[in-house]
1. Residues being within 25 Å of Ala54 (Cβ to Cβ), of a type in the set (Gly, Ala, Ser) and not in a strand (DSSP E or B): count how many of those fall in segment 87-143.
2. Please go through segment 152-181 and give me each residue that is among the small types (Gly, Ala, Ser) and either surrounded by 12 or more Cβ atoms within 10 Å (Cβ to Cβ) or assigned to a strand (DSSP E or B) (or both), ordered by number.
3. Scan segment 28-60 for residues that are part of a loop (DSSP other than H, G, I, E, B) and either in contact with a helix residue (DSSP H, G or I) (Cβ under 6 Å, 6 or more places away or on another chain) or in contact (Cβ under 8 Å) with a residue 40 or more places away in the chain (or both) and jot them down.
4. Quick check: is even one residue across segment 120-127 of a type in the set (A, V, I, L, M, F, W, C), free of Cβ contacts under 8 Å to residues at least 24 places away in the same chain, surrounded by 19 or more Cβ atoms within 10 Å (Cβ to Cβ) and over 28 Å from Gln47 (Cα atoms)?
5. I'm trying to understand the selection: among the residues of segment 48-96, which are modelled with pLDDT of 95 or more and among the aromatic types (Phe, Trp, Tyr)?
6. For segment 128-144, which positions are open to solvent by 10 Å² or more (accessible area, probe 1.4 Å) and within 23 Å of Asn91 (Cβ to Cβ)?
7. With respect to Gln4, determine if the residue is over 14 Å from the mean Cα position of the chain (by Cα), in contact (Cβ under 8 Å) with a residue 60 or more places away in the chain and loosely packed, with under 14 Cβ neighbours inside 10 Å.
8. Go through (1) surrounded by fewer than 16 Cβ atoms within 10 Å (Cβ to Cβ); (2) at pLDDT below 95 one by one and return the number of the condition Pro117 breaks.
Amino acid sequence: MAFQFKAPGLQLGPGCRIIGGEHISFGRNVHAGRDLWLEAVTSYREQQFNPEIAIGDNVYFSDGVHISSIANIAIGSHCLFGSKIYVSDHNHGIYRGECQSLPEEPPADRLLGGGGPVVIGENVWVGDNSVIIGPVTIGRGAIIGANSVVRGMVPSNTIVAGTPAKPIKIFNSKTGLWDKA
């Protein structure tokens, strides 16, 4: 796989699925535990997409991480993902603006969309069971607490947690300590 994806040091555990690999780029030394599901969705029903997923160097995924893109997901170098994490730049259905999805439509029949780009900076740690839905930008050195739902902006060097995720600590570079937000 490392040769196929031009990704030196790529290590994928058992049960990993990569769909749309021609739209996915890997940095060096990317490691995944069991059951990584990495999908660049190029078509869904009558919809056509040109997705891009870019993963930096030295990124580690624990078991059961699911990443799905119809547009753009970028993951910086030196990130650590816990288990059972979902990252997506879209939804099954559109719930704002014009042409919103109707409750009478089965979710699998709804258009994909309604999200936005996902940018995860370098040195980010994402805790177990977190959900990250675009549009979202997670700054460098941020920490996403376990079981969090993240959307919007997470500043660099900030710990967020909760549903929805809110800042709980900010790194103070003058003291070298994490202060309450």
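The values are calculated or read from the model by the stated rules, or taken from the named source; none is laboratory data. Predicted, not measured: the structure shown is a model, and the values here were computed from it. Note: ideal-geometry Cβ built from the backbone for every residue, glycine included; neighbour counts use all protein chains shown. Heads up: the accessible areas ignore ligands, DNA and RNA and are worked out on the full protein's heavy atoms, side chains in. Shrake-Rupley method; radii C 1.70, N 1.55, O 1.52, S 1.80 Å.
1. Matching residues across segment 87-143 total 9.
2. Scanning segment 152-181 gives Gly152, Ser156, Ala161, Gly162, Ala165, Ala181.
3. Passing the criteria: Gly33, Val41, Arg45, Phe49, Pro51, Gly56.
4. no
5. Listed by number, the residues that qualify are Phe49, Tyr60, Phe61, Phe81, Tyr86.
6. The answer is Asp128, Asn129, Val131, Ile133, Pro135, Thr137.
7. No: the conditions fail for Gln4.
8. Condition (2) is where Pro117 drops out.
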